[in-house]
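These notes are about the structure you will find just below.
Values in this text are rule-based calculations from the coordinates and carry no lab data. The structure presented is a predicted model; accordingly, all values stated were derived computationally and were not measured. Neighbour counts are summed over all protein chains in view; Cβ atoms, including those assigned to glycine, are modelled from backbone coordinates with ideal geometry.
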Amino acid sequence: MPIIAMSNPKGGSGKSTTALLLATYLAERGARVCVLDADPNQPILDWKEKGKTASTLEVIGGVKESNLMAHVERLDHQFVIIDLEGTASLLVSRAIAISDFVIVPLQASAVDVRQAGKAIRAIRDEEKVVQRYDANRRIPYKILLTRTPAPGAPVSSVQRQLEAEITAAGIPRFRTSIADRLAYKAVFVERLTLTELKDSGIKVGNLDAAYRNIHDFATELVEELQPIPKEEHREQ
């Protein structure tokens, strides 16, 4: 049961969007998925409880430092995704410490870069703490660029510089970026999955391209989580 945390102390970096798109994609592929919504605004819980989605995704809200472990210990899912609050806290530290992988969503801006740097330092600090009890314990992580231009669209000089700096610093980064697409906003507005949006006939841009984008990201993440057997996630 890999635990995947979305961490960046800056709000608006794409944590909740990434968590929901990833979770619903995996659930539609047949995996048992649970999101622990630790965002004070509870956007994913709101999506699940107030909409009409038929997604099998389980969402648990009201997650705090005091009940995080109780929730985790009772779960038996193929994926557990923790959508963390946009601040540094004991809850964030504990969630990172128990995670098998941490995703650091990041927009191409100087402010986001600074905050992502704090997230990476927090991950490394928590890794040192857990290594006091298990010298072989690692907390792998990767930067995920979000709200990037769609393939073929012009890329800003700021983003190009940021990508070059990430590469030069040796910071691990997903090859796939999450593009800035209307469909991703519509998922929260309509409270449906990408597939449900397409089936409903709602016109929200290129849904096929949006789905391929998430497919590529999810596939890359599952590869990172090996040696979990691929058939366990019903990959096709």
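For LYS52, the aspartates and glutamates whose Cα falls under 18 Å of its own Cα, not counting residues fewer than eight places away in the same chain, are GLU28, GLU190, GLU196, ASP199.
Screening the chain for DSSP H helices whose Cα atoms reach 18 Å or more along their own axis and whose mean Kyte hydropathy is at least 0.5 gives 15-28. Taking every C-alpha pair closer than 8 Å and separated by at least 6 residues, the mean separation divided by the residue count of the stretch 80-236 gives a relative contact order of 19 percent.
Taking Cβ atoms as reference points and 11 Å as the exclusive limit, the residues near VAL63 contribute a net charge of -3, counting Lys and Arg as +1 and Asp and Glu as -1. All other residues whose Cβ lies under 12 angstrom from that of THR193 are scored, Lys and Arg at +1 and Asp and Glu at -1, for a net of +1.
Structure note, pairs LYS64/LYS185; LYS64/LYS198; LYS118/LYS198; LYS50/LYS203: Cα-Cα distances above 32 angstrom occur for LYS64/LYS198; LYS118/LYS198. In plain terms, if you count all Cα to Cα distances in the stretch 3-231 and split them into 5 Å steps from zero, the share in each step is 1, 6, 15, 19, 21, 18, 12, 6, 2, 0, 0 percent. Counting only DSSP H runs of at least 4 residues, each contributing -39500 (n - 2.57), and dividing by the residue count of the chain, the helix-based mean residue ellipticity at 222 nm comes to -13500 deg cm²/dmol.
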